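For reference, the structure is listed below as structure tokens.
The values are calculated or read from the model by the stated rules, or taken from the named source; none is laboratory data. Remember, it's a predicted structure, so these values are computed and weren't measured experimentally. Cβ atoms come from the backbone with ideal geometry, glycine included; neighbour counts cover every protein chain shown.
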Amino acid sequence: MNQASKPPSRRAEYAELTRRAIVDAARRLFAERGFFATRVDEIAAEARVSPATVYAVSGGKQGLMGTLIDEWTRAPIIAEYEERFARLEDPAEILRTLSFMTRTMRQDWGDVMRLALATAPHDQAVAADFALGTKRYRDGVGLVARRLADLGALATDVDADEAADVLWYYFGYASLFTLVDDNHWTYDRAERWLARAASDALLRK
């Protein structure tokens, strides 16, 4: 068996299980209590490790927030959908797919998004991680805009850059939170409306 194919050692497996327990505990407590109201010793107790282990594994609360933002903005679904967008040729279907992806990501990672939005203005380290995460998010939206432009699907007065801005308006942080949290729409209704609205705003008639 060559070096590359060796299974992880028991020590490595235990280290990963410990890291996962700490990250999951932090996510639960941050969602329940907020970033600033959660203490490292509470995360340690929830993960059944010592506070020293939390610092050693994650670098403390800021490090844990950075990990959560990284996991959200590098979720496997993102690469899967990027490949799907490259294959799709129906512009309306592309926007329906983007709307479904946005809804799915919000249901899976909305707690982390809300936490980052609330914490970043008050913590420099979290703000830096959130800025990087937002750039990845916007880059993904820009990829869809360029795909629509390449298909010749955009309205005559809209270029790829403007399309990316409009898509961010519909599929960035604010719109879905507003429709679901403030207006109490179902995710199904919000997903359908956002896809239609983006199509009306961007696509060639």
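Things to note:
Yes/no matrix, rows are residues, columns are (1) under 22 Å from Phe35 (Cβ atoms); (2) in contact with a strand residue (DSSP E or B) (Cβ under 7 Å, 6 or more places away or on another chain); (3) in contact (Cβ under 8 Å) with a residue 40 or more places away in the chain; (4) among the basic types (Lys, Arg):
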| residue | (1), (2), (3), (4) |
| --- | --- |
| Met113 | yes, no, yes, no |
| Ala128 | yes, no, no, no |
| Asn183 | no, no, no, no |
| Leu202 | no, yes, yes, no |
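- Selected residue [touching a helix residue (DSSP H, G or I) at 6+ places or on another chain (Cβ under 8 Å), in contact (Cβ under 8 Å) with a residue 40 or more places away in the chain, part of a helix (DSSP H, G or I) and basic (Lys, Arg)] from Arg84, Arg27: Arg27
- Top-ranked residue in the range 98-117 [being closer than 13 Å to Phe177 by Cα and charged (D, E, K, R); ranked as nearest to the chain's Cα centre (by Cα)]: Arg106
- Flag for Ala92 being within 21 Å of Tyr170 (Cα to Cα), in contact with a strand residue (DSSP E or B) (Cβ under 8 Å, 6 or more places away or on another chain) and either in a helix (DSSP H, G or I) or not basic (Lys, Arg) (or both): yes
- Some residue of the range 183-201 being closer than 23 Å to Ile69 by Cβ and among the basic types (Lys, Arg): no
- Output for the range 35-51, where each listed residue is closer than 24 Å to Pro121 by Cα and either in the same structural domain as Pro121 (by TED's automatic domain parsing) or in contact with a Leu (Cβ under 8 Å, 6 or more places away or on another chain) (or both): Phe35, Thr38, Glu42, Ile43
- Filtered residue count, the range 185-200, keeping only those that are touching a residue at least 60 places away in the same chain (Cβ under 8 Å) and touching a Phe, Trp or Tyr at 6+ places or on another chain (Cβ under 7 Å): 3
- Reported count of residues in the range 41-77, each being crowded, with 17+ Cβ neighbours inside 10 Å, among the hydrophobic types (A, V, I, L, M, F, W, C) and at pLDDT 95 or above, is 10.
- Residue within the range 132-153 that is more than 25 Å from Trp193 (Cβ to Cβ) and surrounded by 17 or more Cβ atoms within 10 Å (Cβ to Cβ) present: yes
- Failed criterion for Pro121 (all others in (1) exposed (fewer than 14 other Cβ atoms within 10 Å of the Cβ); (2) in contact with a Ser or Thr (Cβ under 9 Å, 6 or more places away or on another chain) hold): (2)
- In summary, Tyr169 fulfils each of the numbered conditions (1) free of Cβ contacts under 8 Å to residues at least 40 places away in the same chain; (2) buried (at least 16 other Cβ atoms within 10 Å of the Cβ); (3) among the aromatic types (Phe, Trp, Tyr) with the single exception of condition (2).
- Residue in the range 139-146 that is part of a helix (DSSP H, G or I), in contact with a Pro (Cβ under 9 Å, 6 or more places away or on another chain) and under 30 Å from Ala31 (Cα atoms) present: no
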